[in-house]
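Following: one structure in structure tokens, then a few remarks.
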Amino acid sequence: MLTVGLPRAMAYYYMYPFYAEFCREIGVNLVVSPPTAKRTMEKMEFCPTDEPCVAVKLLFAHAKELLDRGVDRLFIPCLVSLERFNYCCPKFIGIPYMVNNALENGARVISPLIDMSQGKRDWEKTWIEAGTQLGAPPQQAVQALRLAWAAQRRFEELCIRNQLVTPEAFRALNSNGPALGNQQAAAGEETQTVAVIGHPYILYDGFSMDVLTRFTEYGPVLTAEMVPPAELQRQLVSVSEGERLWSFEAQLLGAAYHYIRNGLVDKLVLVGSFECGPESIIENYIEEEAARHGVPFLLLTLDEHTADAGLATRIEAFMDVQPLPVGKEAPRIEPATETLVPGPRAERMVIGMPTMGHLDLAVRSALAECGIDSIDTPHATKEILELGKPLAPEFVCLPFTFTLGQMRWLLDHGATHLLMVGGKGKCRLGWYAQVQEQLLRRMGYEFEIIIIDSPLPLRERWSGFRQTLKRTTNQASWLKIIRALYTGYHRMAAIDKGERICHRVRAFERQQGTVDRLFNSFVRRVHRAPSAEAAWKLLGEFREQAEAIETDDTDPVRVRIVGEIWVVLEQYANLHLEALLGKSSDPRVWVDREISVTQWFHKNLIPIREVTERKKEIHRAAAPYLGTEVGGHGHYSVGLTALAPREGIDGVIHLMPFTCMPEIVAQNIMIKLSQELDLPVLTFIITDQTGEAGFETRVEAFLDILKDRRLVHH
Ligand code: SF4
């Protein structure tokens, strides 16, 4: 009988009943790794990088523990989505691939998929395939899948009906015994009822030093798994598109709202992990609601370095805070007001929007054509960062903090409306606008925010998109809007094409800097181009001028830039990497960057054959290393790196903002890729502390490696 190991980390704490029942029914001996202990923590170095959150590093440690115990296979299903309208954190999607790529001797990870987004069911066949891999006939796997869901439901009902925390419900399920909760102090004069909200793989894992039990000595402790799903959904109607929050975080936020709004707790604690992406989005909602109801709130952020003493002190200090009287009447839950309500023409409208490369130029010229005033946004500088940092949640991704700083600057300089992209997906970008709006309103700013969301799928989203366009242009005529969008698109596309010419000529021009001067004046003139035709004519002129530049056969090294789109395109945020590479005289560098605003537009909104075919090619190349999308450009980073050697690329520079979830998954996998393909990959994790000196030194050293390799290989 095959022995299959299940790491006691991440999804184990949510899905163990499902996994255990499925394996039991297909006749597989499922071995769960022992609880986290000191020796487990020592195995966290099995995780190829230090970037992921503690949850991911613990999963690597438990996987290593199981391999050291000689299991035949690791069982790490790929959780993409557990509900129709939302996804799981990108790390839950990427973890089976991250572990698989970290294993020396090839694939031993069994990773069937669960992806219920858009009501999909085809993922079930991956469980039948997993059953086959583990020696079970298809019909036995189908039966096992059905029984597994039943076991999962029993577990969830046990937690709710008997008010059990996850480990108690697991014990009750395994023992078929009485469902006994841990003997919490009954509510009484001296006791305080506390809601401890957090991922079970943080709350109940040995690394968190029994954080939950520490609160039971003060009184009853309530957790997220004790709240019925219907009540969670009821609570989340007050959050715009709350149903599209990541599956597990929707449970955390809904439970927090339930306990606070119904006056069921004296205090609330959100227990999170360092660098947790989804938590950085929900923490602001919880903090605001707790403040609104006068419920003392504590955010406890843990990782493998958290000290016992510090934790104890913080909890004691918090529990000494006098709670306000509880049991106030639960207020009516106000459904979120959609910001798409077509309103009368605004008296005065001055629009401001964050930057991303040259995008704001194209949008501002389109707005001008509709007679809308807008403000020129300063790029992402230290000053702008200092405007955003005081407001931004600690572990939110860097583009959020920079764009928040830009929004503050714009409001301070007369903007009445802020334009921001929306679009709920796997990463945090889709939540930026809503959380930034909350934070700016909390600062007392008065403004209107216009969130541009994807019009796809047209059936569900076209009418909202139309209203947003009308609102953004202050009810301009459709003729004006369409012409403005058309010209705006072609200005953007012309600039992106010009940039690729610039990348190539920079590598060969005799007088370095010549093409940059031409390009900058080209961009300024395209920005003022009266029509699409004029923009393309300017591109033609720029191409002729660039081709006329005196060049040498410099034999440049080819460097591909991949990573998160905002830090890749926002030259201020990536410390002007492309200009730095362009200035390199030995070796000369030919930059290859496919990520652009136009490429993003065709990849996500209006597909064109060229971009769609390239997308398929990139996904095919990524498949042996990362078999599914993890949000943002994570999949692209892996695929473009896998294609690099066969496309004449000498090295890859990977740019990612600190805590960027999709790129953390990609970074982990690109380590294997770099070794396997013998391809130098340099990853920069851009933080608010990233300094120019260190950055330039690392780039120069990287270029020297590429040059030396060229000499060796040629
Ligand atoms: S980033 Fe947060 S939600 Fe994602 S795996 Fe880590 S702790 Fe969990």
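The values are calculated or read from the model by the stated rules, or taken from the named source; none is laboratory data. These figures come from a predicted structure and were not determined experimentally. Glycine gets a Cβ as well: all are built from the backbone with ideal geometry, and neighbour counts include every protein chain shown. SASA here: full protein model, heavy atoms, side chains in, ligands and nucleic acids out. Shrake-Rupley method; radii C 1.70, N 1.55, O 1.52, S 1.80 Å.
A few points about this structure:
- Rounded accessible area per residue of region 189-319, 1.4 Å, Å²: 31
- Per residue accessible area of region 3-161, 1.4 Å probe, in Å²: 38
- Short-range pairs are left out: with C-alpha atoms under 8 Å and at least six residues apart, the relative contact order of the chain is 11 percent.
- Charged side chains reduced to their Cβ positions (Lys and Arg at +1, Asp and Glu at -1) give region 350-449 a dipole of some 480 debye around its Cα centre.
- Taking the 1.4 Å solvent-accessible surface of the chain as the whole, the part contributed by carbon and sulfur is 54%.
- Taking each DSSP H run with n ≥ 4 as -39500 (n - 2.57) and averaging over every residue of the chain yields -16000 deg cm²/dmol at 222 nm.
- Helix 54-68 axis versus longest C-alpha principal axis of the chain: approximately 70°, rounded to the nearest ten.
- Stokes-Einstein diffusion for region 189-319 at 20 °C, viscosity 1.002 mPa s, with a Kirkwood radius from C-alpha pairs, works out to 145 µm²/s.
- Listed values for region 572-583 are Karplus-derived 3J(HN,Hα) couplings in whole Hz (6.51 cos²θ - 1.76 cosθ + 1.60, θ = phi - 60°), namely 5, 6, 9, 6, 6, 4, 5, 5, 4, 5, x, 7, and x replaces Gly and Pro.
- Per residue, the convex hull around the alpha carbon atoms of the chain comes to 167 Å³.
- Region 591-689, accessible area per residue, ligands and nucleic acids excluded (1.4 Å, Å²): 34
- Separation between Cα centres of region 15-76 and region 381-459, rounded to whole Å: 38
- Direction-averaged projected area, Cα convex hull, region 410-559: 12.8 nm², rounded to one decimal.
- Compared with the dominant Cα axis of the chain, that is its longest principal axis, helix 478-508 is turned about 80°.
- Less than 5 angstrom separates the built amide H of I450 from those of L418, L419, M420, all sequence-distant by 5 or more or on a different chain.
- Partners for K38 among aspartates and glutamates (Cα-Cα distance below 16 Å; same-chain residues under 8 apart left out): E65, D68, D205, D210, D303, E304, D308
- Between T301, P228, Y572, the Cα set farthest toward the positive side of the dipole of the chain (charges on each charged residue's Cβ, about the Cα centre) is that of P228.
- Taking a straight line from the alpha carbon of K480, these lysines sit under 30 Å away, with near neighbours fewer than eight places off in the same chain left out: K424, K470, K497, K537, K603.
- Over region 555-713, Cα pairs under 8 Å with separation of 6+ residues give a relative contact order of 28 percent.
- Residues whose placed amide H lies under 5 Å from that of I653, excluding near-sequence neighbours: R560, I561, V562, L682
- Over region 3-161: Rg over Rh, Cα atoms, Kirkwood Rh: 0.95
- Each other residue within a Cβ distance under 10 Å of L580 adds +1 if Lys or Arg and -1 if Asp or Glu, for a net charge of -3.
- Segments 286-295, 559-568 sorted - mean Cβ within 10 Å per residue, highest first: 559-568, 286-295
- In sequence order, region 159-171 has phi-based couplings of 4, 6, 5, 9, 6, 9, 7, 3, x, 5, 5, 4, 4 Hz under the Karplus curve 6.51 cos²θ - 1.76 cosθ + 1.60, θ = phi - 60°, and Gly or Pro positions carry x.
- GluC sites (Glu not before Pro) within region 409-457, DSSP loop, no more than 11 other Cβ atoms inside 10 Å: E446
- In terms of packing, defined here as the mean over residues of other Cβ atoms within 10 angstrom, the peptides 654-663, 251-260, 413-422, 510-519 line up highest first as 654-663, 251-260, 413-422, 510-519.
- K707 accessible area, 1.4 Å probe, all protein chains in place, Å² to nearest 10: 50
- Based on Cα contacts under 8 Å between residues 6+ apart, region 189-319 shows a relative contact order of 28 percent.
- Sequence-distant residues sharing a close amide H with V350 (under 5 Å, placed H): T416, H417
- Per-residue SASA remark: Y486, around 120 Å² accessible (1.4 Å probe; ligands, DNA and RNA not included).
- Subset of K57/K91; K64/K672; K583/K707; K125/K426; K43/K91; K426/K672 violating a 21 Å alpha-carbon distance limit: K125/K426; K426/K672
- Only Lys, Arg (+1) and Asp, Glu (-1) charged, at Cβ; the chain dipole about Cα centre in debye: 1980
- Most simply put, the chain has about 5% antiparallel DSSP beta bridges, counting only bridges with both residues inside it.
- Using a Förster distance of 25 Å, the FRET efficiency for E104-I705 (Cβ separation, nearest 0.05): 0.50
- The chain: angle of helix 359-369 to the longest principal axis, Cα-based, in degrees nearest 10: 70
- Order of exposure, largest accessible area first, which applies to M1, M15 with probe 1.4 Å: M1, M15
- A simple rule links phi to the HN-Hα coupling: the Karplus curve 6.51 cos²θ - 1.76 cosθ + 1.60 with θ = phi - 60°, which for region 351-356 gives 8, x, 9, x, 9, 7 Hz, with x for Gly and Pro.
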